[in-house]
């Protein structure tokens, strides 16, 4: 069950991670029940498979919306875990900068400039996406596994193929 304001009380400047199923959407809490977030055209609560269309868009709009309008029925949490890595900027500066961007259309790239990059840039001054990094690590691991698998098949073919050829030559 999704938390309520009675369970979790975000503070201005907090990052809100919304679990959309196959990915996470990110927003920045600015106070009074509102968040600012970078919203590609398909970013709506409970978007499901439609949210995957976000990877095809090149522009997104910075929106100020109610936390509950953004979250919908999805699970969410305050996630400032990069505080361990970076010093957050001053809260009034984070909120001021977020408010100044509302209504602007920005470039959007799921790999280099998504909603997580956007909120981390506001909070820490660093455009970073752990979601993209994790996906990249998964792709790299899968690629490495595939290369190792191909190498094993090739090695097996060489080892076992040569003994078969030797048998044919001796007959």
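How high is the FRET efficiency from residue 86 to residue 111, r the C-beta distance, R0 22 Å, rounded to 0.05? The calculated FRET efficiency here is 0.60.
Among 106, 67, 82, the ranking by other beta carbons within 10 Å of each residue's beta carbon, starting with the fewest, stands as 106, 82, 67. On full extension, the segment bounded by residue 58 and residue 77 gains 4.1 nm, given 0.36 nm per residue less the C-alpha separation.
Among 107, 129, a tally of other beta-carbon atoms within 10 Å of each Cβ gives an order, fewest to most, of 107, 129.
Since every read-out is calculated from the coordinates, none of them should be taken as a lab result. Here the structure is a predicted model, which means the values were calculated and not measured. Counting neighbours? That spans all protein chains shown, and the Cβs are built from the backbone with ideal geometry, glycine included.
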